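The values are calculated or read from the model by the stated rules, or taken from the named source; none is laboratory data. Keep in mind that what you see is a predicted model, and the values were worked out from it rather than measured. Because the Cβ atoms are built from the backbone with ideal geometry, glycine has one as well, and the counts that use them run over all protein chains shown. These accessible areas exclude ligands, DNA and RNA; they are computed on the full protein's heavy atoms, side chains included. Shrake-Rupley method; radii C 1.70, N 1.55, O 1.52, S 1.80 Å.
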Amino acid sequence: MLRTESWAWMPLALLFLVGGPSTSNGQQESVTDILNPIVEAVANPILEPVAALAPIPGALIGAASPFTSILNPLLQSALLQNNVTQFSSDIVTNLSALVALLANAALPVPPYLRPDLEAEKLGFAGENYNVTTSDGYVLGVFRVRSRTCASYRAVVVLPPGILSNAATFIYIKENSLVYRLARRCFDVWLITFRGYLFGRENLLLSDTSSEFWDFYAYHWGSIDLPAQLKFVSEKTNSTRLRYMGMDQAGTALLFMNHVHGQRYQRLLASTYLLAPIGYLGRLSSTAFATLALLRDVLTAAGALTLHNEFALMNPVVHSVFYNLCGRISPITCYYLFQLLGGQTRELNYPFFYYIARNTLDSTSITAFNYYLQQVGKIKYMAYFDYGPTENMRRYNRTTPENVNIAATTVPCSFYALGSDTVTVPQDVLDTWNALAPSARSSYEVLPNYNGVSPFVPVNSEGIYGPMIRRLEADLTGIP
């Protein structure tokens, strides 16, 4: 049996056995082509039985939730409301910066990808703007267009995917959704939600304060999304915007329409969403179902150490993630992402060196826990549940208000991902059926993809093609 110390060298050994760093064009060295079948032959027999254990009954999670939530009053009164947590978080932040500085000296992490600059490298026209929300968040907005189009067929708005940012749909370079749309003469806008890269500035708050991180999907939908849609509409002189995205883009849309009705919805002509998150009760990922049970522990840890930030973009965490997934052993993360989100071959891991520059991105503990609160609750979508006391203070009621999904009337095309264990197809279908009748444009299952696939698909035509074809059909009026 190998000694414990020997196991620590396994990821480094994979650097040499599996192909090492990706080349500049996103292709692995030729040794990978030879050894991948060997690695898969070893990993798949391990992965399959583990994945078979993944479904955890939602009813069990729902039954356990009331017992874990008894910590909420303690956390809100003793932890979240005093200066001790600010002090301890400042210490962790400063130590992290120092450790990251030393780590980067040995294994430097490349700069973040900025969508307008990456577009320019590929021959497209890129622009960047800032939009300031009513509560002071400064959000980066990026525009990408083809230089060869005499005119543009429509304006397409792309929100970020979960734990990502405005660069979500540029991660496989020329075959990315952004460039596919731009080549077809669409005017493409990439927007930002608070907390992510390009959304970490506030005119009144520092991102090392707990107040900065006091948000969740409600704020993305009720404040961030309307401000940016209004900006894009005015900039392009268009009130027929097309909205295209994944997972949390759906949550933000549903919140916007619940809060504002037709006020901003009227700026949209249609929407096209991969695995949009409305209902999430049937989630069957072991990792996320376990986190759902531990969400109050996450709240405590976040308050004590990281200003309530779910700090995946913490310098130390980001360095570890980039060097493991982007430099040392991309194939390790290939299997890790399957354990998290469902088995699939649609993860283009030679591009992990590129995507790892901007992901996994930070969000707030509250934003992450918001989704975990829904696990095990079938056909349930509501505001964040802070517990009876805090709910009364914030909402003037002891329980959170349900979100009226039927307030969404704009035509919606939903695409469930058949291998996704987080946003499972039945939850996507239930959400689609809860929309207003006028909004139920189309529903389709794409069978070979999981929730990570939209970032780095192997067959990009298979996942982006259906949305683009539907968009073009909507423009011509031909089904």
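Report the percentage of all Cα-Cα pairs in the range 155-289 whose separation exceeds 17 Å, rounded to a whole percent.
On the way: 5562 of 9045 pairs.
Summing the P(r) of the range 155-289 above 17 Å gives 61 percent of all pairs.
Length gain on complete extension for the stretch THR476 to MET392, per 0.36 nm per residue less the alpha carbon to alpha carbon distance?
Taking 0.36 nm per residue and subtracting the Cα distance, the gain is 25.3 nm.
If you average the alpha carbon positions of the range 228-270 and of the range 390-419, how far apart do those two centres end up, in angstrom?
What the calculation gives is 16 Å, centre to centre.
Taking all protein chains in place and a 1.4 Å probe, what share, in percent, of the accessible surface of the range 407-479 do carbon and sulfur account for?
Ligands and nucleic acids excluded, carbon and sulfur reach 57 percent.
For TYR264, TYR152, give the ranking by accessible area with the largest first, probe 1.4 Å.
TYR152, TYR264
Going highest first, how would you order 390-401, 250-261, 435-446 by mean Cβ packing within 10 Å?
Ranked from most to least packed, the peptides come out as 250-261, 435-446, 390-401.
In terms of solvent-accessible area of protein heavy atoms at a 1.4 angstrom probe, what is the ranking of ILE223, ILE91, ILE277, highest value first?
Sorted by accessible area, descending: ILE91, ILE223, ILE277.
Per residue, how big is the convex hull of the range 87-126 when only Cα atoms are used? Give it in Å³.
It comes to 70 Å³ per residue, whole-number rounded.
Net charge within 12 Å of TYR137 by Cβ-Cβ distance, Lys/Arg positive one each and Asp/Glu negative one each, not counting TYR137 itself?
Residues near TYR137 contribute -4 overall.
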